[in-house]
Amino acid sequence: MSKLTNATENPFYFILTGIPGFEAFHIWISIPFCCLYTISIVGNITILTVIHIETSLHQPMYLFLSMLALTDLGLTLTTLPTVMQILWYDIRKISFEGCFAQLFFLHGFSFMESSVLLAMSFDRYVAICRPLHYATILTSQVICRIGIAIICRCVLAVLPSLFLLKRLPFCRSHLLSHSYCLHQDMIHLVCGDIRFNSWYGFALVLLIIIMDPLLIVVSYTLILKSILGIATRTERLRALNNCLSHILAVLVLYVPMVGLSMTHRFAKHASPLAHVIIANIYLLAPPVMNPIIYSIKTKQIRQGIFRLLFQRTVH
């Protein structure tokens, strides 16, 4: 019979899992993971540097892009230590406090990414539907308030789930099925009543995974209606092109997020490898792809990167 382990006991730790069934190949698997983490870190730092240096990019659209890059950077650095220590050194233990800290930052940055993309959809709506009032609506003060509201929203959304989970006893195996601490994973180790946790988790799904995309769809419905009213085909294509980067970033986040949520809720008996692959796509795709998407599709960012590289070459 499993021993009942309370959160207050010390020492207390969880055991993380690498890639199930491929433990013997962890060193080789670490190569693509290392490349993806490097691309994410270098790409997002480059975006932040270019926006900081280029004064012409100190506009609402690029300030929101800076928020997205900071969020992606935070999401990358949250999972990098535990993933690489498992793949390189086979270190699987993580303390109770460390696991909850990782859980907080992981889900916090994930929800923050959704919130930033929602704010960016509002930016695109104002830029296309109310262009004459763009500068007066999205002032620096308004953007600052939006940024503070995003942080407060995510902290207030994640903290209750941590407190609700921490009060419960863990009486099953302490083996987690991922290389980092996910709430969906940890809740399976609890032997107490988790009904309230499940209801709160469902409320978060409604708040983040459902409400945010719905509001983004509403904003793009209004944007499309406005674009169809533009006289020339060239101007319509230009307006659509201004939204393409954001649309791709939305898809890169929400498709894996919905896939992970559906897998944990409705495919619990699926292969552990399938769960691990979906979770890694969910956490790595946005930080890796967003800098690439905005570097390729946004002319100002692309030019700024070229100038940055050219100046470094000259000096």
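Do the conditions hold for Thr234, that is, is it in a helix (DSSP H, G or I), loosely packed, with under 15 Cβ neighbours inside 10 Å, modelled with pLDDT of 85 or more and not acidic (Asp, Glu)?
no
Within region 296-310, identify whether any single residue is in contact with a Ser or Thr (Cβ under 7 Å, 6 or more places away or on another chain), modelled with pLDDT of 85 or more, hydroxyl-bearing (Ser, Thr, Tyr) and surrounded by 19 or more Cβ atoms within 10 Å (Cβ to Cβ), and answer yes or no.
Within region 296-310, one or more residues are in contact with a Ser or Thr (Cβ under 7 Å, 6 or more places away or on another chain), modelled with pLDDT of 85 or more, hydroxyl-bearing (Ser, Thr, Tyr) and surrounded by 19 or more Cβ atoms within 10 Å (Cβ to Cβ).
Just to verify a result, which residue in region 229-253, among those that are within 20 Å of the chain's Cα centre (by Cα) and without any contact (Cβ under 8 Å) to a residue 60 or more places away in the chain, is farthest from Tyr125 (Cα to Cα)?
Ranking the candidates gives Val252 first.
Would you confirm whether or not region 179-191 contains a residue that is in a loop (DSSP other than H, G, I, E, B), at pLDDT 90 or above, closer than 29 Å to Ser271 by Cβ and among the hydrophobic types (A, V, I, L, M, F, W, C)?
Among the residues of region 179-191, at least one is in a loop (DSSP other than H, G, I, E, B), at pLDDT 90 or above, closer than 29 Å to Ser271 by Cβ and among the hydrophobic types (A, V, I, L, M, F, W, C), which makes the answer yes.
Quick check, is Ser173 surrounded by fewer than 17 Cβ atoms within 10 Å (Cβ to Cβ), closer than 23 Å to Pro20 by Cα, in contact (Cβ under 8 Å) with a residue 24 or more places away in the chain and in contact with a helix residue (DSSP H, G or I) (Cβ under 9 Å, 6 or more places away or on another chain)?
Spelling it out, Ser173 is indeed surrounded by fewer than 17 Cβ atoms within 10 Å (Cβ to Cβ), closer than 23 Å to Pro20 by Cα, in contact (Cβ under 8 Å) with a residue 24 or more places away in the chain and in contact with a helix residue (DSSP H, G or I) (Cβ under 9 Å, 6 or more places away or on another chain).
For residues that are of a type in the set (Lys, Arg) and within 28 Å of Arg236 (Cβ to Cβ), scanning just region 113-147, find the one that is farthest from the chain's Cα centre (by Cα).
Arg130
The values are calculated or read from the model by the stated rules, or taken from the named source; none is laboratory data. Everything numeric here is computed off the predicted structure, so don't read it as measured data. So basically every Cβ, Gly included, is an ideal-geometry build from the backbone, and we count neighbours across all protein chains shown.
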